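Enquirer: Below you will find the structure I want to go over with you.
None of the figures in this text is laboratory data; all of them are computed from the coordinates on show. Please read these numbers as outputs of a predicted model, since none were measured by experiment. Because the Cβ atoms are built from the backbone with ideal geometry, glycine has one as well, and the counts that use them run over all protein chains shown.
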Amino acid sequence: MFRMSARSGNKSGRRQNTAAGHRNRNQAMKPRQNSTGDIPTQIKDPRLVERRRRQIVDAAVQLFIRQGFHKTTTRQIARAAGFSIGSLYEYIASKEDVLYLVCESIHAEVEHGVSEALVRADGARNALAEAIREYFLVCNRMSDFILLIYQETQSLPEQWKKRVLENELRITGLFVEVLARLVASGELPPLDDRRIEIAAHNISVLGHMWTFRRWFFSRHYTIEEYIQLQTEFILKVFIDR
């Protein structure tokens, strides 16, 4: 996936250590735990649980956006999803569980999309560009979900709030991994751990910015134009300098 240089010696070793250090720090490449499994369910078929919970999430997001999390009732969510209230409680235990599932759906789609982009990219520079593109496209598709997370995360119980923040760091960690490998391969100028981390967070925020500023950007740019301009900016700052 990445073109590694043939350099040897202490400088190469330090760069490899930087990449390894970021993997450990951000746990970007560890197997992802199925944290939605912690939400109790009476249904034994995991595929059915996943399918029904997606129905619940899709219905709940529209209600949360339209009338707010606190004013939305589980009975309204059940009706919008086509469930009886009793059936709804077979898949979730509370309204807060639904909000957590919304957060999980975003993180799962981002992580899957970015990981797939890294696999199909040829060369480190293309890997970064492909990862940015896929991430921004997911942010575009799930703009309503992302906005909801920022507005309502404080409504989650502490255990779910902690998981959401951990998942946010996992997404940033994917970009830390790409940038660290670029440094290790010599295709990116030397950057210390702090600069790599800041750069990865910048990329994450630029994706979210399409959501927060879409009232402006959507009138002046297509998502493809936004991706192209932001990618050119990122590559210019971190690779072509």
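Enquirer: Run the numbers on the range 112-241 and let me know its relative contact order in percent, using alpha-carbon pairs under 8 Å that are six or more apart. Before the final figure, lay out the partial values.
Expert: On the way: 87 pairs, mean separation 41.0, N = 130.
Relative contact order here is 32 percent.
Enquirer: Under 8 Å for C-alpha pairs, at least 6 residues apart: give me the relative contact order for the range 41-92, rounded to a whole percent. Don't skip to the end; give the middle numbers.
Expert: Numbers: 34 pairs, mean separation 24.9, N = 52.
For the range 41-92, the relative contact order is 48 percent.
Enquirer: Let me ask something else. Using the Kirkwood radius built from alpha carbon pairs, what does the Stokes-Einstein equation give as D for the range 113-220 at 4 °C and 1.567 mPa s, in µm² per second? Can you show the working numbers first?
Expert: On the way: Rh = 15.0 Å.
Estimated via Stokes-Einstein, D reaches 86 µm²/s.
Enquirer: Rounded to the nearest Å, what's the spacing between the alpha carbon centres of the range 60-125 and the range 152-230? Just the number, please.
Expert: Measuring centre to centre over Cα atoms gives 20 Å.
Enquirer: What are the ³J(HN,Hα) values, in whole Hz, obtained from phi via the Karplus relation 6.51 cos²θ - 1.76 cosθ + 1.60 with θ = phi - 60°, for each residue of the range 76-89 in sequence order, with x given for Gly and Pro?
Expert: Each residue's phi maps through the Karplus curve to give 5, 4, 4, 4, 5, 8, x, 10, 7, 4, x, 5, 4, 6 Hz.
Enquirer: Distance in nm between label sites at Glu50 and Phe233, each 7 Å beyond Cα in the beta-carbon direction?
Expert: Result: 3.6 nm between the two label points.
Enquirer: Would you mind computing Rg(Cα) / (2.2 N^0.38 Å) for the range 41-92, counting N as its residues?
Expert: Values: Rg = 10.9 Å, N = 52, 2.2 N^0.38 = 9.9 Å.
Expressed relative to 2.2 N^0.38 Å, the Cα Rg reads 1.10.
Enquirer: For a test of the definition: using alpha carbon positions, the gyration tensor, and the 1.5 limit on a/c, classify the range 133-173 as rounded, prolate or oblate. Let's see the in-between values first.
Expert: Values: a/c = 4.03, a/b = 1.46, b/c = 2.75.
Judged from the Cα gyration tensor, the range 133-173 comes out oblate (a/c at least 1.5, b/c at or above a/b).
Enquirer: When Rg is the radius of gyration of the Cα atoms in the range 162-203 and Rh is its Kirkwood radius, what does Rg/Rh come to? List each step's numbers first, then the result.
Expert: Values: Rg = 11.0 Å, Rh = 10.6 Å.
Ratio value, two decimals: 1.04.
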